[in-house]
Each structure stands twice: as structure tokens, then as C-alpha cells.
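Structure record follows, encoded as C-alpha cells.
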Amino acid sequence: MARIAGVNIPTGKRVHIALRYIHGIGAKHADMICKQLRIDESRRVNQLSDSEVIQIREVIDRDFVVEGDLRRETAMNIKRLMDLGCYRGLRHRKNLPVRGQRTHTNARTRKGPAKPIAGKKK
């Protein structure tokens, strides 16, 4: 089991797919890492040598913000908006959609289950 950036990546999957299990690395960055290190797309994680795993680890540590650091940075950005009291911060604080979606209907994922209002029968 290869451990990169504090995550056990699955050994049976192809390298560019397995790298996506790391928070902060998507399809584009995984392909870029494979091309940079000249790792064939068809190779699987269990076929990698220890030196190749170390190279992948070094590239990720050097070039990308991943896992805990990325989650912390995102949380700090949201907290900064809330502390400023700007519109987006207020929407975060009230657990409402932040990016302009309608809330009259829908938005149940963000708002939670519907709460019945007393005396509203039609």
C-alpha cells in the first residue's frame, strides 16, 4: 500500500486514477504528475518501484497544497468571509446557498429537511 501525502492510495488502480484519492489533486494534476515523471498511464500503483513512489511524493510536496493544509486554507477563507460580514460570509453563517441560487424552492441540501410552518394550510 503506497502512502502519499498522508493518504493510503489504492494499489490495484492505475496511477493517474489512484492519485485522485488525495484531496487537492484532480484529473488534470494527476495526469500532469504522471507526464512529468514519465510514468505510463497503464501502470498500476502496485507495479511502481519505491523510488517512483518517493518521486511522486516529492513532486506533490513541492508543487501542490493538499489534504490538511488545503482543508485548513479553505476553512480559513470561509471564516475570513464570515468575520468580514460580507454577503457571502452572511450566507455561510446562515447555512444558505452562497452562489446566487434560488431558495424559495429547492436548496434543501444546504437548508436541511423542510420544517412545517404552523397554521399554513391551503
| field | Rounded to the nearest 20 debye, dipole of the chain from Cβ charges on Lys, Arg, Asp, Glu | value | 1560
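Full extension from D31 to A114: what is 0.36 nm times the residue separation minus their Cα-Cα distance, to one decimal in nm?
Separation in residues times 0.36 nm, less the Cα-Cα distance, equals 25.6 nm.
Pairs of Cα atoms under 8 Å, at least six residues apart: use those to get the relative contact order of the chain, whole percent.
Values: 112 pairs, mean separation 22.4, N = 122.
The value is 18 percent.
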| Given a 1.4 Å probe, how much area per residue of the range 51-120 is accessible, in Å²? | 80
| Most fluctuating residue given options N106, N77, N95, as computed from a GNM of the chain linking Cα atoms under 10 Å | N106
| request: Please work out the C-alpha center-to-center distance from the range 7-76 to the range 77-100 and express it in whole Å. | output: 32
| query | Cα-Cα over 22 Å: which of K79/K111; K28/K111; K28/K94? | reply | K28/K111; K28/K94
| note | Within the set G100, G85, G12, GNM on the chain using Cα springs under 10 Å gives the largest fluctuation to G100
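The values are calculated or read from the model by the stated rules, or taken from the named source; none is laboratory data. Owing to the predicted nature of the structure, the values given are computational and were not obtained by experimental measurement. Cβ atoms come from the backbone with ideal geometry, glycine included; neighbour counts cover every protein chain shown. The accessibility values were calculated without ligands, DNA or RNA, using every heavy atom of the protein model including side chains. Shrake-Rupley method; radii C 1.70, N 1.55, O 1.52, S 1.80 Å.
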